[in-house]
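Below: the structure, in structure tokens.
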Amino acid sequence: MTPPASIADREHDHAPIASAVVAWFADAARPLPWRAADVSAWAVLVSEFMLQQTQVARVQPRWEEWMRRWPTPADLAAAPPGEAVRMWDRLGYPRRALWLHRAATEIVERHGGRVPRDLDALLALQGVGPYTARAVAAFAFGDRHPVVDTNTRRVLARAIDGRPDAGPPSSRRDLEAMAAVLPDDPAEARAFNAAAMELGATVCVARAPRCDACPIAGRCAWRAAGHPASDAPRRPRQARFAGSDREARGLVMRELRAAHRPVPREDLEPVVPDDRLGRALTTLVADGLAVHSHGGYALPGS
DNA sequence: TAGCCGTGGGG
DNA sequence: TCCCCAAGGCT
């Protein structure tokens with residue numbers, strides 16, 4: 001553990017940053033439906049699953065429809081997993097829909113149908129990792145936990161460390177960095193967790209930060225250093241999507257979602273007219289996203 | 001642990 | 001057009 005004196009020093013140094021970001025958030029926060037005061041923990045959990053690697057603008061309509069259809073974990077658990085995948089539509093990473101369905105089942109079986117508040121219980125749910133568990137505990141239950149996503153990592157790297165971008169993710173190091181800045185008061189901490197994410201998502205963005213709109217520009221270590229450019233090795237370039245197996249899987253899933261009966265393989269060949277089709281079908285079945293039955297492929301359990 | 005997993009917005 | 005990158009998690 002860090003010596004108490006050091007913690008006190010850091011908190012003293014960073015308190016104005018937290019205050020300024022929270023004050024900015026009070027005005028600048030986007031009115032996202034899952035931030036409403038009366039939403040359930042389940043509603044928050046659903047939003048966090050959908051927001052993993054997916055932008056707010058694409059999530060919002062899916063979330064609205066999802067919550068209307070399955071307002072509780074028990075409602076979703078009672079539906080076939082394939083219906084969750086179908087409702088997920090084109091949010092991407094459809095395994096998340098399967099995991100959310102599984103998590104709902106686990107919540108019913110292990111927690112009486114109520115989303116658990118305890119961090120370890122949350123972490124034990126399928127598809128819930130360090131970010132999502134803390135986000136639910138903090139945002140749905142108001143508990144004081146550091147919540148660190150990619151936006152917060154970037155904000156801390158710039159404002160506190162004076163670097164243009166965050167280093168490689170390290171759950172432990174990232175949580176410690178946020179803990180050093182997090183206000184003591186639980187309500188204030190909750191607000192700062194959300195505010196830091198919001199700042200990173202809307203102002204302190206990766207490509208072209210809008211420092212003129214930033215509430216802590218005057219306290220930002222990166223700005224004070226003259227916005228030095230990144231000297232870190234760029235992260236490996238994402239593989240080209242066009243022509244990839246990923247694309248092929250997405251094309252197959254699109255067909256299976258649209259169909260309400262098994263789709264014969266020959267009907268998929270025009271959609272993926274090359275040797276990616278076989279790999280896509282094999283891996284989709286292995287992932288549980290598709291089943292082979294009645295001479296065709298279909299969503300699971302529907 | 002590094003690679004993999006969809007899809008789309010924006011520079 | 002092309003490429004980056006996005007409220008991560010799993011294996």
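Here are the numbers:
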| quantity | calculated |
| --- | --- |
| Conditions (1) assigned to a loop (DSSP other than H, G, I, E, B); (2) within 14 Å of DNA strand B (Cβ to nearest atom); (3) in contact (Cβ under 8 Å) with a residue 24 or more places away in the chain: number failed by A:Ala239 | (3) |
| Filtered residues of the range A:207-229 (kept if within 16 Å of DNA strand C (Cβ to nearest atom), farther than 11 Å from A:Arg163 by Cα and exposed (fewer than 13 other Cβ atoms within 10 Å of the Cβ)) | A:Arg207, A:Ala208, A:Arg210 |
| Some residue of the range A:53-68 being at pLDDT 95 or above, away from DNA strand B (no atom under 16 Å from the Cβ) and of a type in the set (Phe, Trp, Tyr) | no |
| Test result for A:Pro300, part of a loop (DSSP other than H, G, I, E, B), in contact (Cβ under 8 Å) with a residue 60 or more places away in the chain and touching a strand residue (DSSP E or B) at 6+ places or on another chain (Cβ under 8 Å) | yes |
| Filter result for A:Val271 (modelled with pLDDT of 95 or more, over 25 Å from the mean Cα position of the chain (by Cα), closer than 22 Å to A:Gly92 by Cα and surrounded by fewer than 18 Cβ atoms within 10 Å (Cβ to Cβ)) | yes |
| The range A:18-56, residues that are surrounded by fewer than 15 Cβ atoms within 10 Å (Cβ to Cβ), touching a residue at least 24 places away in the same chain (Cβ under 8 Å), not in a helix (DSSP H, G or I) and not basic (Lys, Arg) | A:Ala29, A:Gln53 |
| Odd one out for A:Gly218, checked against (1) closer than 30 Å to A:Ala23 by Cα; (2) over 29 Å from the mean Cα position of the chain (by Cα); (3) within 15 Å of DNA strand B (Cβ to nearest atom) | (3) |
| Residue selected from the range A:141-151 under the condition buried (at least 19 other Cβ atoms within 10 Å of the Cβ) and within 8 Å of DNA strand C (Cβ to nearest atom), by the criterion nearest to A:Ala201 (Cα to Cα) | A:Asn151 |
| Selected residue [at pLDDT below 95 and more than 23 Å from A:Leu100 (Cα to Cα)] from A:Ala157, A:Ala166 | A:Ala166 |
| Qualifying residue in the range A:104-117 (condition: small (Gly, Ala, Ser) and surrounded by fewer than 23 Cβ atoms within 10 Å (Cβ to Cβ)) | yes |
| Lone qualifier among A:Arg153, A:Arg163, A:Arg158 - being of a type in the set (Lys, Arg) and within 19 Å of the chain's Cα centre (by Cα) | A:Arg153 |
| The range A:134-160: number of residues that are of a type outside the set (S, T, N, Q) and within 16 Å of DNA strand B (Cβ to nearest atom) | 3 |
| The listed residue being buried (at least 16 other Cβ atoms within 10 Å of the Cβ) and outside any loop (DSSP other than H, G, I, E, B), out of A:Ala138, A:Ala187 | A:Ala138 |
| Scope the range A:253-289; condition more than 16 Å from DNA strand C (Cβ to nearest atom) and either of a type in the set (S, T, N, Q) or touching a Ser or Thr at 6+ places or on another chain (Cβ under 9 Å) (or both); matching residues | A:His260, A:Pro262, A:Arg276 |
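The values are calculated or read from the model by the stated rules, or taken from the named source; none is laboratory data. Owing to the predicted nature of the structure, the values given are computational and were not obtained by experimental measurement. Positions of Cβ are generated from backbone atoms using ideal geometry, with glycine treated the same way; all protein chains shown enter the neighbour counts.
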